[in-house]
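Some notes on the structure that comes next.
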Ligand code: 13P
């Protein structure tokens, strides 16, 4: 049985005290969520240590939003996978479209980042997804397939067990425009088929594929009811504990 996961990506929001309060509120409400749902909060680097102290010993796991593509050394401003693990992270998000779009994150760099994250004991939430032009040109399948092949196919079936895929259509992120459940399911099933082509049907069945893009309590149920949608990567709605938990109870 693959894992059901609801992960909050806080992006560049909240000060440290605000983030600590948000994490406390998520922990306080987490008992409302069915026990088989994994809850994750992905915070800015500055928040990781204090939030780690809040979530320690609870069912809420800590994630970073990114990590360096180098192991260590003279890379000013970067944060390594080993540092994240030592700060209490269990996961890191990698390849978010905002990093691809604004910070020149390439598939090549993502291979290195994923390799280092896994080597340091982190599980990876690997994001893929097409932008509006690509969707309108009917290229969404090709774009997601290429992103999956360029990154994921460099890893073994054993490593795949530590990777979660997040499908986030760029046109649905922060726009209030959600993919319909049918649109999302179509791509999720396609991604699973692509994974199966390399790793086999059994391994593909075990991979959790999350949907991200204007997911909220009012639409989560419909999305999560789809066969290949195993949860969500939540942006805006993760900044309010009520909404985040409201999504997580939607399975
Ligand atoms: P929103 O939920 O704000 O659309 O963001 C989704 C996202 O990018 C999560 O990583």
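The values are calculated or read from the model by the stated rules, or taken from the named source; none is laboratory data. Worth saying up front: this structure is predicted, and the values here are computed from it rather than measured. Using ideal geometry, Cβ is built from the backbone for each residue, glycine included, and neighbour counts are taken over all protein chains shown.
Worth a mention:
- One residue from 174, 129 being over 19 Å from residue 206 (Cβ atoms) and touching a strand residue (DSSP E or B) at 6+ places or on another chain (Cβ under 7 Å): 129
- Number of positions in region 147-161 that are touching a residue at least 24 places away in the same chain (Cβ under 8 Å) and either in a helix (DSSP H, G or I) or buried (at least 16 other Cβ atoms within 10 Å of the Cβ) (or both): 10
- Checked against the criteria, residue 166 does not count as crowded, with 18+ Cβ neighbours inside 10 Å and assigned to a helix (DSSP H, G or I).
- Residue 117 touching a helix residue (DSSP H, G or I) at 6+ places or on another chain (Cβ under 6 Å) and without any contact (Cβ under 8 Å) to a residue 12 or more places away in the chain: no
- Qualifying residue in region 98-108 (condition: closer than 20 Å to residue 47 by Cβ, under 13 Å from the mean Cα position of the chain (by Cα), crowded, with 23+ Cβ neighbours inside 10 Å and within 15 Å of the ligand (Cβ to nearest atom)): no
- Taking first residues from region 207-218 that are over 28 Å from residue 162 (Cβ atoms) and outside any strand (DSSP E or B) and partners that are at pLDDT 95 or above and within 12 Å of the ligand (Cβ to nearest atom), the Cβ contacts under 7 Å between residues at least 6 apart in sequence or on separate chains come to 216/237; 216/243; 216/247; 217/243; 217/247.
- Residue in region 64-74 that is part of a helix (DSSP H, G or I), in contact with a strand residue (DSSP E or B) (Cβ under 9 Å, 6 or more places away or on another chain), touching a residue at least 40 places away in the same chain (Cβ under 8 Å) and within 26 Å of residue 167 (Cα to Cα) present: no
- Summed over region 221-238, residues that are more than 14 Å from residue 125 (Cα to Cα) and away from the ligand (no atom under 11 Å from the Cβ) total 9.
- Residue, surrounded by the most Cβ atoms within 10 Å (Cβ to Cβ), within region 1-35, restricted to residues that are in contact with a strand residue (DSSP E or B) (Cβ under 7 Å, 6 or more places away or on another chain) and free of Cβ contacts under 8 Å to residues at least 40 places away in the same chain: 23
- Boolean, residue 20 is in contact with a helix residue (DSSP H, G or I) (Cβ under 6 Å, 6 or more places away or on another chain), at pLDDT 95 or above and over 20 Å from residue 232 (Cβ atoms): yes
- All positions within region 23-44 that are touching a helix residue (DSSP H, G or I) at 6+ places or on another chain (Cβ under 8 Å) and either modelled with pLDDT under 95 or part of a helix (DSSP H, G or I) (or both): 23, 24, 25, 26, 27, 28, 29, 30, 32
- Filtered residues of region 110-137 (kept if under 25 Å from residue 174 (Cα atoms), in a helix (DSSP H, G or I) and under 18 Å from the mean Cα position of the chain (by Cα)): 110
- Test: residue 157 is over 18 Å from the mean Cα position of the chain (by Cα) and farther than 23 Å from residue 2 by Cβ: no
- Residue check, residue 185 under 24 Å from residue 237 (Cα atoms) and more than 16 Å from the ligand (Cβ to nearest atom): yes
- Among the criteria (1) within 18 Å of the chain's Cα centre (by Cα); (2) under 17 Å from residue 213 (Cβ atoms); (3) surrounded by 17 or more Cβ atoms within 10 Å (Cβ to Cβ), the one residue 140 does not fulfil is (1).
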